Amino acid sequence: MQQKEIEYFSEILIERKAQLEDNILVAYEEIGAMSGDDLKDDGDHAAVSSGSLIDNSIATQQRQELDEIELAISKIKSSTYGTCEMCEDNIGFARLKAKPYARYCIDCREITEKQSS
């Protein structure tokens with residue numbers, strides 16, 4: 001992979017990382033605020049509980065994406081970015097453009113998805 005491409009993906013990953021960190025912080029602040037609200041009846045409790053579950057689920061998914069982005073950034077630093085973790089071939093520009101923190105090439109991704117099904 002050329003240096004210009006690595007710089008391109010590095011920028012995308014760093015911007016997305018900052019966005020996710022902000023989103024996660026806001027989600028946890030909202031969860032904390034909801035739990036401190038003065039709830040008047042069972043309907044209020046149910047609404048807060050449902051909202052907390054949704055916010056927590058979103059924060060968990062975003063935390064997972066953030067972990068994958070941090071791994072991709074560390075791979076850029078170690079000069080292993082863009083290499084499939086399974087077959088060690090290049091992942092390919094189009095795949096990385098669609099998912100900049102991809103760990104596997106298309107073929108290996110399909111294999112891992114079949115194994116986890």
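Just to confirm a number: summing +1 for Lys and Arg and -1 for Asp and Glu over residues other than LEU13 whose beta-carbon lies under 14 angstrom from that of LEU13, what do you get?
-2
Given Cα pairs under 8 Å that are at least 6 residues apart, what percent is the relative contact order of the range 61-117?
Relative contact order here is 29 percent.
Which ³J(HN,Hα) values, rounded to whole Hz and listed in residue order, are derived for the range 104-117 from phi using the Karplus coefficients 6.51, -1.76 and 1.60 in 6.51 cos²θ - 1.76 cosθ + 1.60 with θ = phi - 60°, glycine and proline given as x?
In residue order, the calculated couplings are 10, 5, 4, 4, 5, 4, 4, 5, 5, 5, 5, 5, 8, 7 Hz.
At R0 = 22 Å, how high is the FRET efficiency between ALA98 and SER57 if r is their beta carbon distance? Nearest 0.05 is fine.
Efficiency for this residue pair is about 0.40.
Expected output is a single nm value to one decimal: the length gained when fully extending between GLU88 and SER117, i.e. 0.36 nm times separation in residues minus the C-alpha distance. What is it?
That works out to 8.1 nm of additional length.
Under the rule of at least 5 residues apart or a separate chain, name every residue whose amide H is placed under 5 Å from the amide H of ASP89.
Answer set, sorted by chain and number: CYS84.
Quick note: the coordinates plus some simple rules give every number you see, no bench work behind them. Note that the structure is predicted; figures quoted are calculated from it, not measured. FYI the Cβ positions are ideal-geometry reconstructions off the backbone, even for glycines, and counts take in every protein chain you see.
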